[in-house]
Amino acid sequence: MWTLIKKECKENLTKFIIMFIVLSGTAFLLIPYGYNMVLQISPELLDNPAVPEWVINQLTAMLPNLKYIDFFIFSQWFGKNLWQFALFFGIIMSIGTIAGETERKSSIFLFSRPVTRTSVLLSKVIVVFAFLTISIVVPTYLLPILSNSIPLNINMRLLNIELLYAVTGTLATAAIAIFFSTLINDRLKAAFAAFAVLVITIPIAFIKGMRWISIVNLYVSEKVFQTGEIYFPTLIYGIGIILLSLTASCYILRKKEF
């Protein structure tokens, strides 16, 4: 199994490096530069007739709160930059798990080796999950370090809880992509299917009582931000998606003909 893990590390290393650099660079731009730009926004901007009304309404509602570093990180890092990049790279890094082997015609050789299909899938999942987790955790912990140049104190307990949700949401996204990668032999079609599932759940989440269905809410849980405590139903939902998707992937892979 260790040989399989090394193979997967080699194949995913470039994507991991790109994701790590993008998220780390975004963290450097967000604090202190992005935060300082918010502080410099003049209230007179809201009286400018050239600014669209919807922009004025959003700025009026958010500007006072954005000056608080914890809300700024919650809304701009977890609620904007991180979830967009993490969902994108989560799918890109995971979608070739099985579909990539099929497209390269290497699946017949790989699954004819004296290892179980479950072991092959597990080795791929371990590498993808590890790379995604590192790419999220390290840039996120750059934020408290960078905030020392402002200087401001970040609520580390709140940051840790939000990070736990973000990692769970990203791994759930990856698990969904792995499921479609196992189900569909074409990487492009599998990626479209995974993106479609995630996109469709966003408007559905606006229906009363259906907010839980969108993985995006794992990145912007208002209950977590307001209470500073773990809201277990949402977290359990994310973990459930991971377990269900991987179980279904394992079942499909065992029955799949190459």
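Might you tell me the accessible area per residue for the range 121-258, computed with a 1.4 Å probe and given in Å²?
Normalised by residue count, the accessible surface of the range 121-258 is 49 Å².
Taking Cα atoms, how many degrees apart are the long axis of helix 187-204 and the longest axis of the chain, rounded to 10 and kept between 0 and 90?
Long axis of 187-204 versus the principal axis of the chain: about 40 degrees.
Along the range 125-141, what does the Karplus equation 6.51 cos²θ - 1.76 cosθ + 1.60 (θ = phi - 60°) give for ³J(HN,Hα), rounded to whole Hz, x for Gly and Pro?
Going residue by residue, I get 5, 4, 5, 4, 5, 5, 4, 5, 5, 4, 5, 9, 5, 4, x, 5, 6 Hz, with x marking Gly and Pro.
Measure nothing but the geometry: give the 0 to 90° angle between the long axis through the Cα atoms of 53-66 and the longest principal axis through the Cα atoms of the chain, rounded to 10°.
Approximately 90 degrees, to the nearest ten.
Please work out the Cα convex hull volume for the range 117-258 and give it in Å³ per residue.
Per-residue hull volume (Cα only) is 129 Å³.
Tell me, what HN-Hα J-couplings in whole Hz come from the Karplus equation 6.51 cos²θ - 1.76 cosθ + 1.60 at θ = phi - 60° for each residue of the range 85-101, using x for Gly and Pro?
Karplus values, whole Hz, x for Gly and Pro: 5, 5, 5, 5, 6, x, 6, 4, 6, 9, 5, x, 3, 10, 4, x, 5.
Considering only protein heavy atoms, with the full assembly of protein chains and a 1.4 angstrom probe, order TYR35, TYR251 by accessible area, largest first.
TYR251, TYR35
Using a 1.4 angstrom probe on the protein heavy atoms only, could you order LYS15, LYS189, LYS80, LYS208 from most to least accessible area?
LYS208, LYS189, LYS80, LYS15
Using a cut-off of under 19 Å, list every residue of the range 141-181 whose amide N is near the label point 7 Å from the Cα of ILE200 along the Cα-to-beta-carbon line.
The answer is 172-181.
Please determine, in degrees from 0 to 90 and to the nearest 10, the orientation of helix 156-183 with respect to the longest principal axis defined by the Cα atoms of the chain, where the helix direction is its Cα long axis.
Roughly 40 degrees between the two axes.
Can you work out the PRE-style zone for ARG117? Point 7 Å along Cα to Cβ, and I want the residues of the range 220-248 with backbone N under 13 Å.
Backbone N within reach: 248.
Starting from the Cα of LEU243, step 7 Å along the direction of its Cβ; do the same at VAL137; then give the gap between the two resulting points in nm.
For LEU243 paired with VAL137, the spin-label model returns 2.1 nm.
What percentage of the solvent-accessible surface of the chain, computed with a 1.4 Å probe over protein heavy atoms, is contributed by carbon and sulfur atoms?
The C+S portion of the solvent-accessible surface of the chain is 69 percent.
Give me the tail of P(r) for the chain as a percent: Cα-Cα pairs with distance above 32 Å.
Result: 30 percent of Cα pairs exceed 32 Å.
Determine the equivalent ellipsoid of the range 192-240 by diagonalising the alpha-carbon gyration tensor, then write out the semi-axes as square roots of 5 times the eigenvalues, largest first, rounded to whole Å.
Result for the range 192-240: semi-axes of 21, 12, 9 Å.
The values are calculated or read from the model by the stated rules, or taken from the named source; none is laboratory data. Everything quoted here is computed from the prediction, not taken from an experiment. Note that each Cβ is placed from the backbone with ideal geometry, even for glycine, and that neighbours are counted across all protein chains shown. Each accessible area value is taken on the protein alone, full model and side chains, heavy atoms only, with ligands, DNA and RNA left out. Shrake-Rupley method; radii C 1.70, N 1.55, O 1.52, S 1.80 Å.
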